[in-house]
Amino acid sequence: MPPKHWLMKAEPDSRIVKGKDVKFSVDDFQQVKTTAWEGVRNAEARNLMKEMKMGDKVLFYHSNCKNPGIAAVAEVTREAYPDYTAWDSSHPYYDEKTDKENPKWYMVDVTFQTRLPHFIPLSLLKRTAGSSTDAPEEELEYIGTQGVQAIKTMALVTRGRLSVQRVEEKTYDVLLEMGQRGGWDEIDTKKSKATKTSKKVQVKQAEETEGERDNEGGSTQKKQPKPARGKKRKAGEDRDSDAETSRPLRRSTRTSRPSHVEGG
């Protein structure tokens, strides 16, 4: 069976949760080589990880930072097993609703393969996806109209909040080629009539996109409105629902791969 392709997000900048720095940048990833992708607390993202098979390809994405985008390529090297950090009360992503006998959350192991020679910024992908035509800009002519069409259908630009996403094979190939060839340095400084937007608006759009993160561990960075008094939650409604308050992305709290794995 041919490998499937995925995009997985992590935050490259330091943030302290329960006394632990949970950042995980491409530099960290390259250093540790293999990491358990722990801390995912969103049902849809978890289910996607449970679909992953050894050998599946992963695009490693920097999120919740000044310049979000695709930084490296990785590979799934262990299929889904219980995320034991969920029942560790000292862990940033502890979940009191799960336990060893009835694990709710799962993780996979992902191994670093290579850093892309050219970092692919989200701003470029959004600019391409937002084009009124399928013709690529001159500097990206090599991806052709099919490449532009592939980018326009990416979950990253159509529903950016989820931290684990499917990537179609043709889209993966286009992004891999972009990461190898580059050529957009001048595009970022150009002002086209179709995409003319003030700097403040661009920053706001980027913040909104990265702010729509799935509910995955850590504390909220913005105060959320309190629910109306007396209103009960529907039976079966879980706090990891996409409709619920979004929280910061999972980030690895490891500096090396764990020497032991509990519950799996």
Those residues of segment 112-121 that are under 27 Å from ASP83 (Cβ atoms) and surrounded by 17 or more Cβ atoms within 10 Å (Cβ to Cβ) come to a total of 1
Can you tell me which residues in segment 79-92 are within 26 Å of LYS57 (Cα to Cα) and touching a helix residue (DSSP H, G or I) at 6+ places or on another chain (Cβ under 6 Å)?
ALA80
Out of (1) touching a Ser or Thr at 6+ places or on another chain (Cβ under 8 Å); (2) modelled with pLDDT of 95 or more; (3) surrounded by 19 or more Cβ atoms within 10 Å (Cβ to Cβ), the odd one out for GLU75 is which?
(3)
Suppose we filter segment 119-152 for residues that are under 19 Å from the mean Cα position of the chain (by Cα) and farther than 23 Å from CYS65 by Cβ; how many remain?
2
Give all pairs with beta carbons closer than 6 Å in which a residue from segment 8-34 that is in contact (Cβ under 8 Å) with a residue 40 or more places away in the chain and aromatic (Phe, Trp, Tyr) meets a residue that is part of a loop (DSSP other than H, G, I, E, B) and buried (at least 20 other Cβ atoms within 10 Å of the Cβ); count only pairs at least 6 apart in sequence or on separate chains.
PHE24/ARG251; PHE24/SER252
Selection from segment 148-180 of residues assigned to a helix (DSSP H, G or I) and either in contact with an Asp or Glu (Cβ under 8 Å, 6 or more places away or on another chain) or basic (Lys, Arg) (or both) yields VAL148, GLN149, ALA150, LYS152, LYS170
Scan segment 101-153 for residues that are aliphatic (A, V, I, L, M) and in contact (Cβ under 8 Å) with a residue 40 or more places away in the chain and jot them down.
MET107, VAL108, VAL110, LEU116, ILE120, LEU122, LEU124, LEU125, LEU140
Could you name every one of the strands (runs of 3 or more DSSP E) located completely within segment 5-85 that has at least 1 residues being farther than 14 Å from VAL110 by Cα and either over 15 Å from the mean Cα position of the chain (by Cα) or not polar (S, T, N, Q) (or both)?
57-62, 69-82
Return the residues of segment 1-31 that are surrounded by fewer than 16 Cβ atoms within 10 Å (Cβ to Cβ) and among the aliphatic types (A, V, I, L, M); say none if nothing qualifies.
MET1, ILE16
Of (1) touching a residue at least 12 places away in the same chain (Cβ under 8 Å); (2) surrounded by fewer than 19 Cβ atoms within 10 Å (Cβ to Cβ); (3) over 17 Å from the mean Cα position of the chain (by Cα); (4) in a loop (DSSP other than H, G, I, E, B), HIS91 fails just (2)
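The values are calculated or read from the model by the stated rules, or taken from the named source; none is laboratory data. Please read all numbers here as calculations on a predicted model, not as lab measurements. Cβ coordinates were reconstructed from backbone atoms using ideal geometry, including for glycine residues, and neighbour counts include every protein chain displayed.
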